[in-house]
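A quick write-up on the structure given underneath.
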Amino acid sequence: MNWKMADRAEKMNPSVIREILKVTEKPGIISFAGGLPSPKTFPIAAFTKACANVLGSDGEAALQYAASEGYGPLREWVAASLPWDIDPAQVLITTGSQQALDLIAKILIDKDSRVLVETPTYLGALQAFTPMEPEFVSVASNAGGIDLQDLAAKAAGARFLYLLPNFQNPTGNSMNEASRAALSAAAARLGVPIIEDNPYGDLWFDAPPPLPLTARNPEGCIYMGSFSKTLAPGLRLGFLVAPKALYPKLLQAKQAADLHTPSFNQRMVHEVLKDGFLDQHVPTIRALYKAQRDAMLAALEANLAGSGVTWNKPDGGMFLWLKLPKGMNAVDLLPLAVERNVAYVPGAPFYSGTPEHNTLRLSFVTSTVEQINTGIAALAQVFRENQR
């Protein structure tokens, strides 16, 4: 048969991270590559109990088709959990927050639409947006957030600005209060809507992050959240909060995509959450991840101090960001690292424009302290042997 691919299909590319993860299946590999939560944090006992309760109390409804908007009590829980006034009718439950990106792309992006992104930005967002054939425009960014002068220079005609203000993937950086206030005001003045992606915001170590951007201008933002990092990614459960003017089209895109997110999963999550479970559970995740971040920072200091390699100290989340000396290429060095049984994600794929090839992302949450020490020592050896 002579299958003819749609033009948008030609724009689709495999996830670089997923391809790298295939390499890490090699026995003995210490992987700092994946953006996976630690399985130690999965509340298996709570879900075992919730499963029995949901099936026992309303099993027929839990296993039946359901409303595309999502399970009503879970939507109400989401609205009540966020720090601004939200009508539950603005909450759409999605099949992971990745689906929210896909739905947003379908209703907001036309061919050649200008889409503003951070530098660097989340690779999964680039993948979700690319089939709609936008014009990606990278806005200069640093550890404090968006460069507002650069934003103003590039804002004309932009459909939206996509960003992760809390413990960003890939860098681990967070926007402070002053930066958020200034960005919110600038975006409103420039007429640039904001897509605020917040999968990591609950994973702070010492102090919670400032108020979300959406809370400052609800009509100018779409807010995205996820249960993957605080409960379990296998549930594929996320949500978005949208202005009422946009919600009907997002709902129609959702109906066309999958009718609804699995109602059984939604009911189980609500059963777990309804009595304040996260108040006890999430602090245990924070404590674990903070200890592993500290171990990685200590290992980097012990092995790479004075080498010309630099890194940040994230205040939460799952990642930190390394810069190698100029002239070094993290993509080229990855096979050499794998030969030493350690893996990471090169930074280049996270750039929508000109990449910085001397950058890389490390995840600290799925490795033990012993593995972190061994893996960082091996990476340091690779970097030293190949420094130009």
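Quick notes on this one:
- Between the residues Pro233, Pro243, Pro208, the greatest Cα displacement towards the positive end of the dipole of the stretch 206-258, with unit charges on the Cβ of Lys, Arg, Asp and Glu, is found for Pro243.
- Packing order of peptides 261-269, 240-248, highest average first: 261-269, 240-248 (average count of other Cβ atoms within 10 Å over each peptide's residues).
- Each Cα pair under 8 Å and six or more residues apart adds its separation to the average, and for the stretch 96-249 the resulting relative contact order is 23 percent.
- Using a probe of 1.4 angstrom and keeping all protein chains present, the accessible surface of the stretch 250-335 works out to 42 square angstrom per residue.
- Percent antiparallel among DSSP beta bridges (both partners in the chain, rounded to 5): 55
- Residue among Gln90, Pro43, Phe160 farthest towards the positive dipole end of the chain, charges placed on Cβ: Phe160
- The radius of gyration of the Cα set in the stretch 267-388, together with its Dmax, comes out at 17.1, 57 angstrom.
- Cα gyration tensor, the stretch 64-220 - rounded (a/c under 1.5), prolate or oblate: oblate
- Ligands, DNA and RNA left out, the 1.4 Å accessible surface of the chain is 53% carbon and sulfur atoms.
- The overall shape of the stretch 104-152, judged from the alpha-carbon gyration tensor, is prolate: a/c is not under 1.5, and a/b is greater than b/c.
- Prolate/oblate/rounded call for the stretch 187-275, Cα gyration tensor, a/c under 1.5 rounded: oblate
- Förster radius 35 Å - calculated FRET efficiency between Glu135 and Asn312, Cβ distance, rounded to 0.05: 0.75
- Here the sum of -39500 (n - 2.57) over DSSP H runs of 4 or more residues, divided by the residues of the chain, equals -13000 deg cm²/dmol at 222 nm, to the nearest 500.
- Between Met12 and Lys274, full extension at 0.36 nm per residue minus the direct alpha carbon distance yields a gain of 90.4 nm.
- Given +1 at the Cβ of Lys and Arg, -1 at the Cβ of Asp and Glu and no other charges, the dipole of the chain around its Cα centre is 460 debye to the nearest 20.
- Pairs from Lys11/Lys229; Lys26/Lys326; Lys111/Lys254; Lys49/Lys229; Lys49/Lys290 whose Cα-Cα separation, in the structure shown, is over 23 Å: Lys11/Lys229; Lys26/Lys326; Lys49/Lys290
The values are calculated or read from the model by the stated rules, or taken from the named source; none is laboratory data. Note that the structure is a prediction, hence the values are computed from the model and not measured. Heads up, the Cβs are rebuilt from the backbone with ideal geometry, glycines too, and the neighbour counts pull from every protein chain shown. What goes into the accessible areas is simple: the full protein's heavy atoms, side chains included, and nothing from ligands, DNA or RNA. Shrake-Rupley method; radii C 1.70, N 1.55, O 1.52, S 1.80 Å.
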